[in-house]
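Q: Got a structure here, written out as structure tokens. Questions coming.
The values are calculated or read from the model by the stated rules, or taken from the named source; none is laboratory data. Bear in mind that the values here come from a model prediction, so they are computed numbers and not experimental data. Every residue, glycine as well, gets a Cβ built from its backbone with ideal geometry; the counts of neighbours run over all protein chains shown.
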Amino acid sequence: MPGRNGWMADIYVEVPAKAVDRPYSYLIPDEWREEVQIGSRVQVPFGPRTLIGYVVDVREGELPPRVKAIQEVLDLQPPLTPELVGIGRRMADEYLCTTITALQAMVPSVLKGTYQKKITLATDYDQREVSASLEEMFGSLSQAISEGNGVISWDEACQIQGIHRGILKRLSEQGFIRIHEVVGDKITKQTTTWVWLTSPSDGEMMLRDLPKRAMKQREVFSYLLEKGVEVPLPDLLSATATARTTVKSLVEKGIISWEEREEYRDPYAHRTFEQTTALSFTDEQAAAFEAIMKPIEQGEAETILLHGVTGSGKTEIYLQAIAEVLVKGKEAIVLVPEISLTPQMVDRFKGRFGSQVAVLHSRLSSGERFDEWLKIRRGEVKIVVGARSAIFAPFERLGIIIIDEEHESSYKQEENPRYHAREIAQWRIQEHQTALVLGSATPQVESYYAARTGEYRLVNLHKRVHGRPLPEVEVVDLREELAQGNRSMFSRSLKTELMECINRGEQAVLFLNRRGYSTFVMCRDCGETLACPHCEISLTYHETNRTVRCHYCGYASQLPKCCPQCESEHIRHFGTGTQKVEAELGKAFPGIRVIRMDVDTTSRKGSHERLLHDFGAGRADVLLGTQMIAKGLDFPKVTLVGVIAADSMLHLPDFRAAERTYQLLTQVSGRAGRHEYLGKVIIQTYSTDHYSIQAAAEHWIEDFYRQECQMRKLHLYPPFRRLYTMVISHPDRVRVLQYGQEIARSLNQGTFQYDYQVLGPVPAMIPKIKDRYRLQIMIKYEANPDLNAYVKERVRQATQVQDDADLRIQVQRDGV
DNA sequence: AGCACGCCGACT
DNA sequence: GTCGGCGTGCTC
């Protein structure tokens, strides 16, 4: 029998599994014909279940044989735009994830479905018909249901003695209970009650009619009469020091009215922003501005790499470009690394553009996040400033995308979908034919190379805005210090400078890439190193509570009194962590005030901001910290920056090690002498000759990129090759190797025909995490469309060797 | 990912 | 015989 014709929607359901990663077609009931659009979130029956799904296409045609119908359209406006739906499908293809995972990454998490089963008693059953075998079960179940006011959840029911899936199913089939599937989401709305005078013109008369004794009511009344406008109830209550009941009685008399209104949760409600106006440009800034405006004016897609030293005024250029975009009636996305989404950054945008700005970052509650997102979706704001995921802001007339500090690793998502915000940005500017601005003092090598070869437009900002010179950098050779008999972690130079800095009443920032007290604990007799029992990684000693901790899985235990291997008591900790530096500072500089910032001191909400605020207010002489203090800090009194061990990341087995070292040193140096005082930077290292350290010290930007590109070319790394890195993990040491070899063999099959290399399997950088053994396979190939497609397909097939639930395969792509 | 269906061993 | 274990296959 030929199928009927009708309107259908193609839908991806909320099941993140390969097996159902395809659109299913559903009938659109006539009454929803207009509501159901590409991007709509809908509720549909799926097998025996009811699920939420996203519409990716709406079409008229022949209906599938056993088509089901859409049950509900869940939002007034589709959460996704057709452009974003397209991006989601492309992400699934590029990043080898399911389409639904990609789509869900683009919307606030509160839109994700919640699924529950509830049980009620059937209304019309005959108690006598309950069979003997079920009688007892039904008895305790119906008691539990009545205790739960007529309803209990499936999970609660299953916890009752003797009740399980089969029993509930039988009771339901025989008509004694009803099982309800409850589909919902986590959307919550904040409401505020607003109060106003029902008829202000009769005010005087009504006031007269109030009982003489009702003082509070009179007070409330006068307050509203005086205000003459609608007032939020909380404001009224606090201004007149009244209880809610007083207001309620006035409402009941009909004298005043109130109403609950939905409103946005505004994380910045209690902040005022100082209005700022456009500053005038230097010549360099003006040229950069022109370069950015050109593609915007001409309506073409172009990426501009804005390579500017710290303090060269990039933000002001962003602000003025955005202002122009707004004039054209278009919208702007500004991405900022999570860590630098500080109040200062938000102030600058809110100060210039006020309520046209939405802010999205991970410190918002999910409700706040949703509200900020709603403002974007409804077109109530024109600018979004946010972290990585803000690249998915559902704007429809996008006029510019700005990625500040574009080299930051936080633009890359480390879980599925493993996207890079920079790549999504490229797709979006193609769609909207406009400008993407990548700003950085230390661009990623790939970006710099793309700019050099003309793929991006390169704009340099060499000068700091107020003409401040870059700080003087001294590289201290730690081998030399050791030879001179200085075994402390502070070189003579650093000691002297730090002493002088403090005596002048100025501040210093000390940087160390390791938290904890020491880096590892070793037995001096047998050489045994304490390792995490769940991860093959050495444990770090923490002095405060004499524990050893794993920084990967959080495992912690007391420092053992003797070596677990040979029972010797000579176990000692080696290496240097932030805690140890803090202790040593105290010894070397009695009375010194130190603020330590690392994961351990900033884990509580708001502690990050508080520590920075204290330092800014001069409550410490030294700010000592890890990675997190390298970025975007701007304190006028900081004149000395010290890097305790610049080598710490240089020797990691990662092709970006030199790049990261260079970037970090340059960023850290930028923290010194940003205002009226001159700055000094001291870099301590064992590798004084390494080009990444020299280039950072001498501010030889070009030199670094030239040398690094040579290295990358020589060793076949990005930007000259693309990489896929597969990490294969399994709880069984032997099985993981078998799978690894099998996968490598399958990947190798194409190498006779196509030009790509498969390296591995080798143990991954961390060979065991959380009781799973990890192997790595790397694939290198030259980027061209044919190879891209072929290798991607090979990798896709390789990941599908999944007959073992314990086997996990992660894939990430690099060099795009 | 669930959930049903279906085919096998242990128990009333 | 019946119950419930888990392997297989499907979901418009």
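Every residue, every condition in (1) away from DNA strand B (no atom under 16 Å from the Cβ); (2) in the same structural domain as A:Gly750 (by TED's automatic domain parsing); (3) not in a strand (DSSP E or B), yes or no:
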site: A:Met778; (1), (2), (3): yes, yes, no
site: A:Ala783; (1), (2), (3): yes, yes, yes
site: A:Asn788; (1), (2), (3): yes, yes, yes
site: A:Arg794; (1), (2), (3): yes, yes, yes
site: A:Gln797; (1), (2), (3): yes, yes, yes
site: A:Ala805; (1), (2), (3): no, yes, yes
site: A:Ile809; (1), (2), (3): no, yes, no
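Q: Ok, one more. Could you list, in sequence order, the residues of the range A:327-351 that are modelled with pLDDT of 95 or more and crowded, with 17+ Cβ neighbours inside 10 Å?
A: Within the range A:327-351, A:Lys330, A:Glu331, A:Ala332, A:Ile333, A:Val334, A:Leu335 meet the criteria.
Q: Could you grab me the full set of residues in the range A:119-174 that are at pLDDT 85 or above, β-branched (Val, Ile, Thr) and assigned to a helix (DSSP H, G or I)?
A: Selection gives A:Ile145 alone.
Q: So is A:Arg49 charged (D, E, K, R), touching a residue at least 40 places away in the same chain (Cβ under 8 Å) and away from DNA strand C (no atom under 12 Å from the Cβ) or not?
A: no
Q: Which condition number in (1) near DNA strand C (Cβ under 9 Å from one of its atoms); (2) over 23 Å from A:Glu181 (Cα atoms) is the one that A:Ala17 fails?
A: (2)
Q: Moving on. Taking the criterion of being modelled with pLDDT under 85, over 30 Å from A:Ala450 (Cβ atoms) and among the small types (Gly, Ala, Ser), would at least one residue in the range A:250-272 satisfy it?
A: The answer is yes; a qualifying residue exists.
Q: Moving on to the next point. In the range A:130-142, is there at least one residue being touching a strand residue (DSSP E or B) at 6+ places or on another chain (Cβ under 7 Å), away from DNA strand C (no atom under 16 Å from the Cβ), farther than 30 Å from A:Glu263 by Cβ and not assigned by TED's automatic domain parsing to the domain that holds A:Val42?
A: yes
Q: Cβ-Cβ below 6 Å, separation at least six or inter-chain, first residue in the range A:149-168 and touching a residue at least 24 places away in the same chain (Cβ under 8 Å) and farther than 15 Å from A:Gln116 by Cα, second within 10 Å of DNA strand C (Cβ to nearest atom) and among the aliphatic types (A, V, I, L, M): which pairs?
A: From the range A:149-168, the pairs are A:Gly162/A:Met137; A:Ile163/A:Met137; A:Ile167/A:Met137.
Q: Hey, does the range A:36-44 have a residue that's of a type in the set (A, V, I, L, M), within 11 Å of DNA strand C (Cβ to nearest atom) and touching a strand residue (DSSP E or B) at 6+ places or on another chain (Cβ under 8 Å)?
A: yes
Q: Looking only at the range A:754-783, which residues are modelled with pLDDT of 90 or more and more than 30 Å from A:Arg549 (Cα to Cα)?
A: A:Tyr754, A:Asp755, A:Tyr756, A:Gln757, A:Val758, A:Leu759, A:Met778, A:Ile779, A:Lys780, A:Tyr781, A:Glu782, listed by residue number.
Q: With the structure loaded, tell me whether A:Ala764 is in contact (Cβ under 8 Å) with a residue 24 or more places away in the chain and either crowded, with 20+ Cβ neighbours inside 10 Å or among the aromatic types (Phe, Trp, Tyr) (or both) or whether it fails that test.
A: Criteria met by A:Ala764.
Q: Under 6 Å between Cβ atoms, which residue pairs at least 6 apart in sequence (or on different chains) link something in the range A:518-536 that is surrounded by fewer than 18 Cβ atoms within 10 Å (Cβ to Cβ) with a partner that is acidic (Asp, Glu)?
A: Taking only residues 6 or more apart or on different chains, the pairs are A:His534/A:Asp771.
Q: Of the residues that sit in the range A:54-80 and are buried (at least 21 other Cβ atoms within 10 Å of the Cβ) and within 30 Å of A:Asn788 (Cα to Cα), which one is farthest from DNA strand B (Cβ to nearest atom)?
A: A:Leu80
Q: Looking at A:Arg660, is it in a strand (DSSP E or B), buried (at least 16 other Cβ atoms within 10 Å of the Cβ) and out of contact with any Gly (no Cβ under 6 Å at 6 or more places or on another chain)?
A: no
Q: Given the condition among the charged types (D, E, K, R), out of contact with any helix residue (DSSP H, G or I) (no Cβ under 9 Å at 6 or more places or on another chain), part of a loop (DSSP other than H, G, I, E, B) and not assigned by TED's automatic domain parsing to the domain that holds A:Ala657, answer yes or no: does some residue in the range A:500-509 qualify?
A: no
Q: Would you check if there is a residue in the range A:388-407 being surrounded by 19 or more Cβ atoms within 10 Å (Cβ to Cβ), under 21 Å from A:Leu103 (Cα atoms) and among the β-branched types (Val, Ile, Thr)?
A: Yes: the range A:388-407 contains one or more residues that are surrounded by 19 or more Cβ atoms within 10 Å (Cβ to Cβ), under 21 Å from A:Leu103 (Cα atoms) and among the β-branched types (Val, Ile, Thr).
Q: Can you name the helices (runs of 4 or more DSSP H) wholly within the range A:223-329 that have at least 3 residues being among the polar types (S, T, N, Q)?
A: A:244-252
Q: Looking only at the range A:169-200, filter to residues that are without any contact (Cβ under 8 Å) to a residue 24 or more places away in the chain and within 16 Å of DNA strand C (Cβ to nearest atom); which one of those is surrounded by the fewest Cβ atoms within 10 Å (Cβ to Cβ)?
A: Once the filter is applied, the top-ranked residue is A:Glu173.
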